[in-house]
Structures are given as C-alpha cells and as structure tokens.
Amino acid sequence: MVKAAITTPAATNPFIPFPFVVMSRRRETRDTVTLRLRPLRNVRLLAQPGQFMMLSVIGVGEVPISVSGLPRRPGELEHTIRAVGSVTRHLVALRPGDYIGVRGPFGTSWPLQLAHGQDVLLIAGGLGFAPLRSALLSILRERWRYRQVIALYGARSPTDLLYRRDLSRWQQRPDLVLRMTVDHPDQYWRGQVGVVPNLIRQVAAFFEPANTIAMICGPEIMMRFTIRELQKHGVPDEHIFLSLERNMQCAIGLCGHCQLGPFFLCKDGPVLPYSRLAPFSDIREF
Amino acid sequence: MPEAVVVEASQLANLLAALQARKYRVIGPTVRDGAIIYDDLTTVSDLPVGWTDEQEAGEYRLRRRDDGAYFGYAVGPYAWKRFLHPSPFTLWRARRTPDGVIVELTDAEPSRFAFLGVRPCDLAAIGILDRVLRDGPYVDPSYRDRRDHVFIVTVQCANFSPSTCFCVSMGTGPRAENGFDLALTELLDPGSHRFLVEIGSERGAEILRELAHRPASASDWETATRLVHKTAARMGRQLEVRGLPEALLANLEHHRWDHVAARCLTCGNCTMVCPTCFCFSVEDRSDLTGSVIERVRTADVCFTTAFTYTAGKSLRQSARSRYRQWLTHKLATWVTQFGTFGCVGCGRCITWCPVGIDITEEAAAISGLTRKDERP
Ligand SMILES: Cc1cc2nc3c(=O)[nH]c(=O)nc-3n(C[C@H](O)[C@H](O)[C@H](O)COP(=O)(O)OP(=O)(O)OC[C@H]3O[C@@H](n4cnc5c(N)ncnc54)[C@H](O)[C@@H]3O)c2cc1C
Ligand code: SF4
Ligand code: SF4
C-alpha cells in the first residue's frame, strides 16, 4: 500500500502514471468497492463514460478499470472494483488518503451522442454495470435529449447488486424504466428471477427497435444471448454496442494482448458496435 | 538509380572506424554458438568472414565458404528488434523515500546504434515496427528514441537462403531502394573484392567521404544488378499475397488449423525470431526491501496461454487458436491494423521451427491460394 505521496517526472511518457489520492471508499458488496479519486497535481484526465483508466498499485501492478461515475469536480475519477486477483485485491483495500497511480483515459466511449433522440436500452450483467452506470448518470443528467430510457440489470443474488442507493433512487423516477433480475433470490427479493435477456421481452412495449440504441456490458454468455434477443426484436446490429474486456498490459495499442482479430480492444474498443464484431463472434477462441 | 560509388573491401575497416568515431554503437553479424547473430562489432574480423548458413525448414547449419565474403549468408536467429525494442526493459523505477515515492525514468540516454548488414527484408521489418511502435496515435518513446538515431548500412542480397527466403513474394527484397543511410552490394570476383555503395542519406554521404572510393561505372552497376536479379530468380519459396487477408479470414474454421495444431509445439520460436513480432508484458519487480520498484517490460508472444488470461481463464487455450492468431495476425489482420503485412518473407520462422512448420505452406493450404506462376 502506498501511504506516502507519489512524485513523477515532468517528462511526458505514456507509461508513467499520474499520482492520485483516494477521497472516499464505498463498499458495494462483499468483494467490490467504489473509489473516488482526486489528482494530486493539477492534471485532468477527463474520461467519457465507457472509457477506462489503468490503475497502478506501485510494486504490485497495473490493471484496466472503467470509469463508473461522473466527476463531481473536473479531474476527479470514480471507479468500481471487484477483488479477483493480486492487483484488484490491493485496490479494493485502499483507504481514503492512500495514493495510487493512474494513466488514461483510454479507449472508445458509449455512443451517447448517437443516442440523442432515440430510445436507449442499457443492459448490464454483474460488474458490467460499472461502465454503464457512468452512461446512465450522464443520460439522466441530460434526460431531455433521449426518448425512452430503459435500464436492465441482472446479478447473481440480491447481495451482489451494486449501487443500491442509486437503484432505489432510480426506481422512483417516472422517466426511467428500471428492471432487475437475479439468479438466486433470497426471501426478501421482490424483483424478477432469471437471466437478463428475459427482461427484454418484458419491456418490449417501451422501445421502438429501429430507433433504439442498446449498450451492453456483462459476462460473455449474457451478452451473447442479449444480442440474440435484441436481434429478434429487430434492433439493428449497428445499434447494439458492447463493452468487451481482454488482457491489457499497456492500454495504448503496443503490447498486443487485447487483440480480437483486427481490433485492439484498448484503442478500437472497449466499446464496439456488434455490426463490426459479428464476423468474429461465432469463431471460438479467436 | 541512387548515387553510388565503389570501395575496395579493405575500406570496410574505415567504415567501421568512421561510425565508431561518431560514437555509434556498431552492431552487426558475428559467429556465435554455431549461428550468425547480431552483436557489438569492434573490428572487421568480428564479421562472419568466409561463413555461410544453410537453412531448411527446421534446420540451420554454418558452413565454410571457399571465399572471403563478409556477407555471404542470409539471416540468423536474431532480428534488429532486439536492439530497437529491447527486452527486458525498465519503463520506470520508483524509490520509496521519507518524502514519498519518487518515480523516475531510466532510459535517459539510449544507445545510438549503427546497424551494419541490414538485409532488405529486415529493413522492411524495421519499417513495419515504425508503424506499430512509432507512427501510430500512441508512440513508444523508448523505440522512437533508439530508432530516430540509428544509422543503417544495408547489404543487398547477393547471398540468401533459397529454400526459406520469400521476400520476392512479400515485395521486400532482395534489393532495398531506400530507408538506409548506405547500402552495400558485395562484389566478389577472383582477384577483386569490392563493394558497390549506394548513398541513401546526407549522413551516409558524409561517412563515405572518409573512405577511399571511386564513382561507380556502368559495369559495376551491371554486376551488382545481376547479382540481385539472380537471387530473385532462384528464390524457391513463394506465397500468393493477392487476396490473402480476405481468404484467410474467410477460413477461420478450416480443418487445416487442426492439422497444423497437431504438429505445433506452441513453443513460440517463430514469434521470437520474427523481426516484426512486438508483443510484450509488463510487471512490477521489487528489491528485497521493497524500497526500489521497477516496472519492467518483457517480450511476450501469443503462443502462451497466459497471453490472453482474462477473468480467470485463457481465451486461447487450444494450440489451434494460438497458431491461428499468429498466422492470421501476420498475414491478415496486421493489414487492417497497420496497412501492411506483418511478414517480410525472411523465412526465420520456417528455419527455427523445431518441427519445420512452414508459414507459406500453411497459408496456401488454408487460403486455397497458389501462385499463378506455380500452376501447370
Ligand atoms: C476495458 C476494461 C475495463 C474493466 N473495467 C473494470 C471495472 O470497472 N471494474 C473491475 O473490477 N474490473 C474491471 N475490469 C477487469 C479488471 O481489469 C481485472 O479484474 C483485473 O485486470 C484483474 O487483475 P488482478 O491482478 O487483480 O487479477 P489476476 O487474476 O491476478 O490477473 C492477472 C492479470 O491478468 C489480467 N486480467 C485478469 N482478468 C482480467 C480481466 N477481466 N480483464 C482484463 N485483464 C485481466 C491482468 O493483466 C491482470 O493483471 C476491466 C477490464 C477491462 C479490459
Ligand atoms: S503474431 Fe503473436 S507475438 Fe507476433 S505480433 Fe502478432 S500477436 Fe504478437
Ligand atoms: S509453429 Fe513451430 S516455432 Fe511456431 S510455435 Fe509452433 S512449433 Fe513453435
């Protein structure tokens, strides 16, 4: 853990992280927290919803993490991180006042402009809600720009739901259709049980497929079935946007790990329309 | 034709001296452990004088020549990326001090290299690395700093490896037209050993002024041209590249992938010897006390399962998928990504594959394309 301030050289070098300090830490679930970060110096790494940063725990390593919120003050960052391995375990253990390194922003963003005047379907599975939360917050901030806004969210169990305060606030909004489902309900669960694609059928009356922009992030299998369901309803492939993840060592198109056919997911993605992915989507292990 | 002069072979020592006097670190071919590799040169005698290499799929052997040629071989297991894109390489170092963590760059003064003996295919490979690491929207500063200073002495291919080279198909050789500072063609006749030297840059012209030389005559040019033409004519291996990217991507589930995967050891030799493979991994290394931390980049290749480790599993577990990544990247997706093939036809991957897998044969079988001039 880095308790002491980080000083970096003045020379610009894309591999050098900028020092940030943890402002707050909110526990989301057993293994997931949301951190708010503030730059130590006067740097502004301004990320769009859908983009990601490389977060460094110096001495442990660096990993790609999406922005999950909007900055309250310019230059601030919000990230939701699940502890799954060595670097993320350290990130989740950070406390207010701790220092970390940040590079970015990287990659493509959600097509919010394209969605102006359209119906919007945000479909999240599990931790896939993190990158979509920033899109939803941005949409709700300029709600008048969009027609119907529908958010569908699936989690393993009620205790795995992220952003519970947000969810209960959003459920009150008349201008947002929010549906949630879990695989394993507990005795208090009053929402749906089952997989996310099933929710699409239930909200079909709310969106006009030809004029809908869908944004999806979640486990691969969930995205696969979600795409199929959207296609069945007539949403065109060019309007279905996915956020994909793959091993990334540099985030700037140089390390080669995140390739998916012609794409480097760090710079051509992580957000891509399904129309561009379709030729490779059925090729196993591509 | 570029401007050219002729120098006696004995002037090679002066070329080396002129480069050294300009504080270049001169790297060139030398014999080590039964192969011709690239390493620091101090004198002309470090060069592989009188040696040649015999290469076949899965085979490499040095043999004595019956003359004193300096550049009488084709290519060995090393590529110039070793110097331009070194591994391991420390991206930065962090020190824990009472005042906090201080991050410093460690690459303040990278070597200024002079490369002596760059084959046309390898020159093309440097051009490809330029596109990947220097000319894109993102720049690798360590590559750029080395690359921008490097002085290149090309050697046109009068010597080559008939059964592994296929630069003619890739359009990268056996002659380089530009991109070098100087380009040598070794002219070796009984009783006369000289070089035709083409001048590719002002820096090259300046160095050449320190060498005894005379203008190249029409007959010098004719001799040099005949040598490279002979190389092109005798090149046995070929690859049809017209329509190749599309044909490969249309055959991602071809049964031939299973066939080649049954032989492939996924050792990654082909990627390591490839002059354009650029992939790397990054890790943090600490000293025992944890007070000094280095973020280190090391070469990595798509033949390991760890390469695609994501969310608890490798995305390319089968040998088939990893061989397919290598071949389709080199000959198909690289074109979309960087506007050029990722292959220059140097043949290293064929020679150094322990089981002799031949990229040209696999690509032809999978794409269904054959060279027009091959058909009866
Ligand atoms: C564009 C993008 C956005 C992401 N956004 C988030 C987010 O908002 N919140 C979050 O918790 N996680 C996110 N992830 C996943 C996160 O990067 C991984 O969980 C993390 O890399 C695991 O690192 P580790 O060292 O803790 O785990 P280990 O299991 O020790 O992983 C070892 C190495 O494998 C690679 N790796 C493992 N899993 C992944 C993965 N899922 N994606 C990419 N590389 C991986 C990393 O290089 C990692 O350092 C995102 C991934 C990508 C590509
Ligand atoms: S073939 Fe493999 S190792 Fe070589 S550049 Fe492509 S992905 Fe990297
Ligand atoms: S093709 Fe040959 S060199 Fe390449 S990984 Fe397979 S066995 Fe190794």
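Between residues in the range A:253-282 that are at the interface with chain B (Cβ under 8 Å from one of its Cβ atoms) and residues that are at pLDDT 95 or above and in a strand (DSSP E or B), which pairs lie under 6 Å by C-beta distance while being six or more apart or on different chains?
Sorted first by the residue in the range A:253-282, then by its partner, the pairs are A:Gly253/A:Phe264; A:Cys255/B:Phe280.
Which one of these is in contact with a strand residue (DSSP E or B) (Cβ under 8 Å, 6 or more places away or on another chain), more than 9 Å from chain B (Cβ to nearest Cβ) and surrounded by 21 or more Cβ atoms within 10 Å (Cβ to Cβ): A:Met222, A:Met215?
Details: A:Met222 fails: surrounded by 21 or more Cβ atoms within 10 Å (Cβ to Cβ).
Going through A:Met222, A:Met215 in turn, just one is in contact with a strand residue (DSSP E or B) (Cβ under 8 Å, 6 or more places away or on another chain), more than 9 Å from chain B (Cβ to nearest Cβ) and surrounded by 21 or more Cβ atoms within 10 Å (Cβ to Cβ): A:Met215.
I'm told A:Pro96 meets every condition in (1) surrounded by fewer than 21 Cβ atoms within 10 Å (Cβ to Cβ); (2) of a type outside the set (Lys, Arg); (3) closer than 22 Å to B:Thr90 by Cβ except one. Can you identify the failing condition by its number?
For A:Pro96, the exception is condition (3).
Mind counting the residues in the range A:78-88 that are under 13 Å from the mean Cα position of the chain (by Cα) and among the aliphatic types (A, V, I, L, M)? I'd like the intermediate steps shown before the answer.
Of all residues in the range A:78-88, those under 13 Å from the mean Cα position of the chain (by Cα) come to A:78-82.
Still in the running and among the aliphatic types (A, V, I, L, M): A:81.
Count: 1.
Looking only at the range B:311-356, which residues are closer than 25 Å to B:Tyr60 by Cα, β-branched (Val, Ile, Thr) and within 14 Å of ligand 2 (Cβ to nearest atom)?
B:Val344
Go through the residues of the range B:343-359 one by one and say whether even a single one is in a helix (DSSP H, G or I), touching a residue at least 24 places away in the same chain (Cβ under 8 Å) and within 12 Å of chain A (Cβ to nearest Cβ). Talk me through it step by step, then tell me what you get.
If we filter the range B:343-359 for residues that are in a helix (DSSP H, G or I), which is where we start, we get B:348-351, B:359.
If we keep only those that are touching a residue at least 24 places away in the same chain (Cβ under 8 Å) too, we end up with B:348-351, B:359.
Right, trim to within 12 Å of chain A (Cβ to nearest Cβ) and you get none.
Scanning the range B:343-359 turns up no residue that is in a helix (DSSP H, G or I), touching a residue at least 24 places away in the same chain (Cβ under 8 Å) and within 12 Å of chain A (Cβ to nearest Cβ).
May I ask you to verify whether B:Arg256 is within 12 Å of chain A (Cβ to nearest Cβ) and among the charged types (D, E, K, R)? It would help to see each step written out before you state the result.
Working: within 12 Å of chain A (Cβ to nearest Cβ): no; among the charged types (D, E, K, R): yes.
For B:Arg256, the condition - within 12 Å of chain A (Cβ to nearest Cβ) and among the charged types (D, E, K, R) - is not met.
Return the residue satisfying two criteria in turn: it lies in the range A:56-67 and is near ligand 1 (Cβ under 6 Å from one of its atoms) and buried (at least 22 other Cβ atoms within 10 Å of the Cβ), and of such residues it is nearest to B:Asp284 (Cα to Cα). Spell out the reasoning first.
At the first step, the residues of the range A:56-67 found to be near ligand 1 (Cβ under 6 Å from one of its atoms) are A:61, A:63-66.
If we keep only those that are buried (at least 22 other Cβ atoms within 10 Å of the Cβ) too, we end up with A:63-66.
Working: A:Val63: 12, A:Pro64: 15, A:Ile65: 18, A:Ser66: 22 Å.
Of everything passing the filter in the range A:56-67, A:Val63 is nearest to B:Asp284 (Cα to Cα).
Within the range A:184-197, which residues are touching a helix residue (DSSP H, G or I) at 6+ places or on another chain (Cβ under 8 Å) and among the polar types (S, T, N, Q)?
Of everything in the range A:184-197, just one residue is touching a helix residue (DSSP H, G or I) at 6+ places or on another chain (Cβ under 8 Å) and among the polar types (S, T, N, Q), namely A:Gln192.
What tally of residues in the range B:302-347 results from selecting those that are within 26 Å of B:Ser161 (Cβ to Cβ) and near ligand 3 (Cβ under 10 Å from one of its atoms)?
Quick first cut of the range B:302-347, residues within 26 Å of B:Ser161 (Cβ to Cβ) only: B:302-303, B:323, B:326-332, B:334-335, B:340-347.
Now restrict to residues that are near ligand 3 (Cβ under 10 Å from one of its atoms): B:302-303, B:323, B:326-327.
Of the residues in the range B:302-347, 5 are within 26 Å of B:Ser161 (Cβ to Cβ) and near ligand 3 (Cβ under 10 Å from one of its atoms).
Please go through the range B:38-52 and pick out each residue that is surrounded by fewer than 21 Cβ atoms within 10 Å (Cβ to Cβ), touching a helix residue (DSSP H, G or I) at 6+ places or on another chain (Cβ under 9 Å) and in a strand (DSSP E or B).
B:Asp39, B:Asp40
Evaluate the range B:88-106: report whether one residue or more is away from chain A (no Cβ under 14 Å), in contact with a Phe, Trp or Tyr (Cβ under 7 Å, 6 or more places away or on another chain) and open to solvent by 40 Å² or more (accessible area, probe 1.4 Å). Spell out the reasoning first.
We begin by selecting, within the range B:88-106, every residue away from chain A (no Cβ under 14 Å); these are none.
Within the range B:88-106, none of the residues are away from chain A (no Cβ under 14 Å), in contact with a Phe, Trp or Tyr (Cβ under 7 Å, 6 or more places away or on another chain) and open to solvent by 40 Å² or more (accessible area, probe 1.4 Å).
Within the range B:18-46, how many residues turn out to be closer than 21 Å to B:Val150 by Cβ and either in contact (Cβ under 8 Å) with a residue 40 or more places away in the chain or charged (D, E, K, R) (or both)?
Residues meeting the conditions: 17.
If A:Arg103 satisfies every condition in (1) open to solvent by 40 Å² or more (accessible area, probe 1.4 Å); (2) within 14 Å of chain B (Cβ to nearest Cβ); (3) away from ligand 1 (no atom under 11 Å from the Cβ); (4) over 17 Å from B:Ile102 (Cβ atoms) but one, which is the exception?
For A:Arg103, the failing item is (1).
Among the residues of the range B:303-330, which ones are open to solvent by less than 20 Å² (accessible area, probe 1.4 Å) and within 15 Å of ligand 1 (Cβ to nearest atom)?
B:Phe307, B:Thr308, B:Thr310, B:Ser314, B:Arg316
Answer yes or no as to whether A:Leu137 is of a type in the set (A, V, I, L, M, F, W, C) and either free of Cβ contacts under 8 Å to residues at least 12 places away in the same chain or over 26 Å from A:Val43 (Cβ atoms) (or both). Spell out the reasoning first.
Numbers: of a type in the set (A, V, I, L, M, F, W, C): yes; either free of Cβ contacts under 8 Å to residues at least 12 places away in the same chain or over 26 Å from A:Val43 (Cβ atoms) (or both): no.
So A:Leu137 does not fit the description; no.
Please pick out the residue among A:Ser56, A:Ser24 that is within 13 Å of another protein chain (Cβ to nearest Cβ) and in a strand (DSSP E or B).
Numbers: A:Ser24 fails: within 13 Å of another protein chain (Cβ to nearest Cβ).
Sole residue among the options that is within 13 Å of another protein chain (Cβ to nearest Cβ) and in a strand (DSSP E or B): A:Ser56.
For the subset of the range B:288-302 comprising residues that are surrounded by fewer than 17 Cβ atoms within 10 Å (Cβ to Cβ) and part of a loop (DSSP other than H, G, I, E, B), which member is nearest to the other protein chains (Cβ to nearest Cβ)? Don't jump to the end; show me each part of the working.
Of all residues in the range B:288-302, those surrounded by fewer than 17 Cβ atoms within 10 Å (Cβ to Cβ) come to B:288-292, B:298.
This time we only want the ones that are part of a loop (DSSP other than H, G, I, E, B), so: B:288-291.
On the way: B:Leu288: 12, B:Thr289: 11, B:Gly290: 6, B:Ser291: 10 Å.
Ranking the candidates gives B:Gly290 first.
The values are calculated or read from the model by the stated rules, or taken from the named source; none is laboratory data. Note that the coordinates shown come from a computational prediction; the quantities given were computed from them, not determined experimentally. Don't worry about glycine lacking a Cβ; one is built from the backbone with ideal geometry, like all the others, and counts go over all protein chains shown. Note: accessible area is taken over every heavy atom of the protein model, side chains too, but ligands, DNA and RNA are not part of it. Shrake-Rupley method; radii C 1.70, N 1.55, O 1.52, S 1.80 Å.
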